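Here is the structure we will look at, set down as structure tokens.
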Amino acid sequence: MSRILLGVSGGIAAYKALELVRLATAAGHAVRVVQTPASRRFVGTASFAALTGAPVLVSEFEHDPARGAFPGQAPPAHEPIGHLQLVANADAYLIAPASANTLAKLAAGLADNLLTSCALAAHCPLLVAPAMNNRMYEHPATQANLATLRERGVIVVEPEAGRLASRGEQGIGRLAEPARLLAACEAALASPRQGLAGVKVLISAGGTREPIDSVRFIGNSSSGRMGLALAQAANRRGARVTVVAANVALPTPDGVRRRDVVTAAELQQACEQEFGDCDVLLMAAAVADFTPAHTSDGKLEKAERERLQIELQPTADVLAGLSARRREGQTLVGFAAEHGDRALERARGKLLDKRLDAIVVNDISRADVGFDVDHNEVTIISAAGERHVPRASKAQVAEAILDAVESLRPSG
Ligand SMILES: Cc1cc2nc3c(=O)[nH]c(=O)nc-3n(C[C@H](O)[C@H](O)[C@H](O)COP(=O)(O)O)c2cc1C
């Protein structure tokens, strides 16, 4: 059982916070709720108090009958300072819904109500779940505030796209469903090892597409599952993770920043922009080695296709390019999808040629592991030796790869 502090700010989705409390208490967690004054216009304190079995606080200056204790916990003998005691007792602090206004205050470090004061004083994992109209969410101010919070290690439980509260409107901004909010909280609580705390990890995921004409492309069947599994696992170890996602149809793990790209050239550009600032690079994307020398503007007609010849030219080796400008303290890991017998030998060559710290090899001649399936089986090669990771879920393989990364880090 864990102690979850829930901050509710003013938005229509505040009603969903009631369901979250119901799920969290049913799962055995002790929950306390703090509300902003505006949120009471949407949902009153009585429902939260009834569901949590604990007083709900709105003002820093009001008396807390429970003296900062959570249900099942003995209150201290003295009269503590409310907001400090609440967060000192909490294992995680989730603000859901987080209004645009509250996000702006958190990014600026304001502490003008109980909810924001608690956020500033919190030592436990802090999660925010934005919920608002899509125009408010997409506004550069809100996006900049979220970027600031992510940068500080706050876990952002991304909103969902769909029908919005305002009549007839669709878009991104719906509060994540209560079950997802609870899962994000539990993931933050379960972060047993923070071996990558504060480390900036850049991951490329998915497979690039090289356009032949406006509708056709040369691509590969990489789904991005391995890259996203790495992103999720690194995030849980306390890393600040950015994923450069090439044609990845899967959802982004909570707390992870994502940049979408299509072609090898776009992936190269995004990785080059992010690389200088990262501490660890995990190059898991399948990047095209060749791209059509010419792309037709429109759709090629059938008559043209019948005698179609596509001239291909090599793409840049993104990883080799990044490695050439690596700075001290950076850890670089490549991924090699190899066929058959000499897979390890070829991968060892790449490790040396590209001056990498490690290379993760998988045998793509097998149908049960590798591209576009949930499992993988890899060998991690570094100067320190080789570790074979037998067939396992991509989440488990990701943990093994990150164990290797931690041991390769300068302080590891
Ligand atoms: C009917 C109504 C619905 C609103 N819904 C939202 C919302 O979903 N998200 C949001 O960020 N703000 C919403 N607002 C605006 C906030 O309530 C307002 O910015 C308020 O100052 C937030 O205060 P707080 O962040 O201290 O809770 C809404 C306002 C009204 C009147």
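The values are calculated or read from the model by the stated rules, or taken from the named source; none is laboratory data. All figures in this text were calculated on a predicted structure; none of them were measured in a lab. As a convention, Cβ positions derive from the backbone with ideal geometry for all residues, glycine included, and neighbour counts pool all protein chains shown. These area figures cover heavy atoms from the full protein model, side chains too; ligands, DNA and RNA do not enter into them. Shrake-Rupley method; radii C 1.70, N 1.55, O 1.52, S 1.80 Å.
Computed about its Cα centre, the charge dipole of the range 200-408 is approximately 320 debye, with only Lys, Arg, Asp and Glu carrying charge at their Cβ. For the chain, with all protein chains present and a 1.4 Å probe, just round the carbon and sulfur fraction of the accessible area to a whole percent. Summing carbon and sulfur atoms, their accessible area is 51 percent of the total for the chain.
Full extension of the chain between residue 311 and residue 177 gives 43.4 nm of extra length, using 0.36 nm per residue less the Cα-Cα distance.
In the full protein context, the chain carries 46 Å² of accessible surface per residue, based on a 1.4 Å probe and ignoring ligands, DNA and RNA. What's the FRET efficiency of residue 386 with residue 320 using the Cβ-Cβ distance as r and R₀ = 25 Å, to the nearest 0.05? Calculated value: 0.70. Our estimate of slack between residue 148 and residue 365, defined as 0.36 nm per intervening residue step minus the Cα-Cα distance, is 73.8 nm. Each peptide among 343-351, 207-215 gets the average number of other Cβ atoms lying within 10 Å of its residues, and from highest to lowest they stand as 207-215, 343-351. For the chain, the tally of Lys pairs with Cα-Cα distances below 29 Å comes to 7, considering only residues 8 or more apart or on different chains. By the helix-only formula, in which each DSSP H run with n ≥ 4 contributes -39500 (n - 2.57) and the sum is divided by residues, the chain has a 222 nm mean residue ellipticity of -9500 deg cm²/dmol.
Once the C-beta distance of residue 339 and residue 141 is scaled by a Förster radius of 60 Å, the resulting FRET efficiency is 0.75 to the nearest 0.05.
The relative contact order of the chain comes to 11 percent, based on Cα pairs under 8 Å that sit 6 or more residues apart. Of the peptides 389-401, 231-243, the ranking by mean beta-carbon count within 10 Å, highest at the top, reads 231-243, 389-401. Once the chain from residue 120 to residue 348 is taken as fully extended at 0.36 nm per residue, the excess over their C-alpha distance is 77.3 nm. Across the protein chains, with a 1.4 Å probe defining accessible surface, the residues 302, 354 rank 302, 354 from largest area downward. For residue 207, nonlocal amide neighbours, meaning residues 5 or more places apart or on other chains whose placed amide H falls under 5 Å from its own, are 246, 286. Legend: Rg and Dmax of the range 1-86, from Cα coordinates, 12.4, 38 Å.
Across all directions, the average flat footprint of the convex hull enclosing the Cα atoms of the chain is 23.8 nm².
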